[in-house]
1. Give me the aspartates and glutamates in straight-line cross-link reach of LYS31: C-alpha distance below 16 Å, same-chain residues under 8 apart excluded.
2. Rounded to a whole number, what % of the accessible area of the stretch 30-83 do carbon and sulfur atoms account for, probe 1.4 Å?
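The values are calculated or read from the model by the stated rules, or taken from the named source; none is laboratory data. This is a predicted model, so every value here is computed, not measured. When the accessible area is computed, the model is the full protein with side chains, heavy atoms only, and any ligands, DNA or RNA have been set aside. Shrake-Rupley method; radii C 1.70, N 1.55, O 1.52, S 1.80 Å.
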Amino acid sequence: MTRIFVVIKLRRTTIQQNPMSEDQLKSTRDKIRQYQKRSEATLEKDRLLAKKLLQIGRKERAKLLLRKKHFVEEQLKNTDGQLENIEKMILDVEFSQIELKT
């Protein structure tokens, strides 16, 4: 039983000692969202450009753009996971702060 109380006490002191952590997490979340929006806009432009290149007959360049599109889509999947983790961390910090107040 003592170990559980020690862990709880350590978590409380960590949260109290670092009040900026919530703000840092939120700014990181916002930066990731901005990255996602920019990447999605770039994906759409590249897709349209690849379509035009195919019509012109520059097949190799269109293939390259489609490979880039695939890579960026994989990166977006990774950032989705990171975003979920950060949002969960933000909720945990907010919940811990509420617990400390009551």
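1. GLU22, ASP23, GLU40, ASP80, GLU84, GLU87
2. Carbon and sulfur atoms account for 53 percent of the accessible area of the stretch 30-83.
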